[in-house]
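The values are calculated or read from the model by the stated rules, or taken from the named source; none is laboratory data. Because the structure is predicted, anything quoted here is derived from the model rather than measured. Positions of Cβ are generated from backbone atoms using ideal geometry, with glycine treated the same way; all protein chains shown enter the neighbour counts. Quick note on the areas: whole protein, heavy atoms, side chains included, nothing else; ligands and nucleic acids left out. Shrake-Rupley method; radii C 1.70, N 1.55, O 1.52, S 1.80 Å.
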Amino acid sequence: MNLTPEEEAEANRLATVYNERPFDAQTNPGGFGRGGNSAIGLFIKSLRDMVGFGRGVVRVATDSLAAITTQANRFSAAVAAIETGPVTSVNGKTGAVVIDLSEISADVTEQLAEVQSTLDGVVAQQASAARHSRAYARAFGG
């Protein structure tokens, strides 16, 4: 449940390459100012990176949610088996029922941390996109 190398590269470009400073092919190739966005299609490239990164974020969040749901369903099934009466088997084991919540809790905590990290990245990229759109608007008077 990680971003692909391409999605990581897109996120990196969004965070570090594109900016509102004046374009200069040598010193600031990601600058939207002074025609950078139109002369070399920088704005379109940044939008493509935003779409690619956004798709990755959605995929990671969806995968994480599915994994969390699986863990929750396992837990619910074990609790339901215990509540219905004498338990002869939970996950293929017989005898006294002991539920080790640490494994489930650790998995869920790890997955939630990954989702939060990904969402933090989205917020940062949205802020970056807002800065870029302001630079685009200044460059084209919009």
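May I ask you to list the residues in the stretch 1-47 that are over 30 Å from VAL108 (Cα atoms), in contact with a Gly (Cβ under 7 Å, 6 or more places away or on another chain) and assigned to a helix (DSSP H, G or I)? I'd like the intermediate steps shown before the answer.
Applying the first criterion (over 30 Å from VAL108 (Cα atoms)) to the stretch 1-47 yields 13, 16-47.
Narrowing further to those that are in contact with a Gly (Cβ under 7 Å, 6 or more places away or on another chain): 17-24, 42.
Across the stretch 1-47, the qualifying residues are VAL17, LEU42.
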For the stretch 29-57 the number of residues that are open to solvent by 20 Å² or more (accessible area, probe 1.4 Å) and of a type outside the set (Val, Ile, Thr) is 13
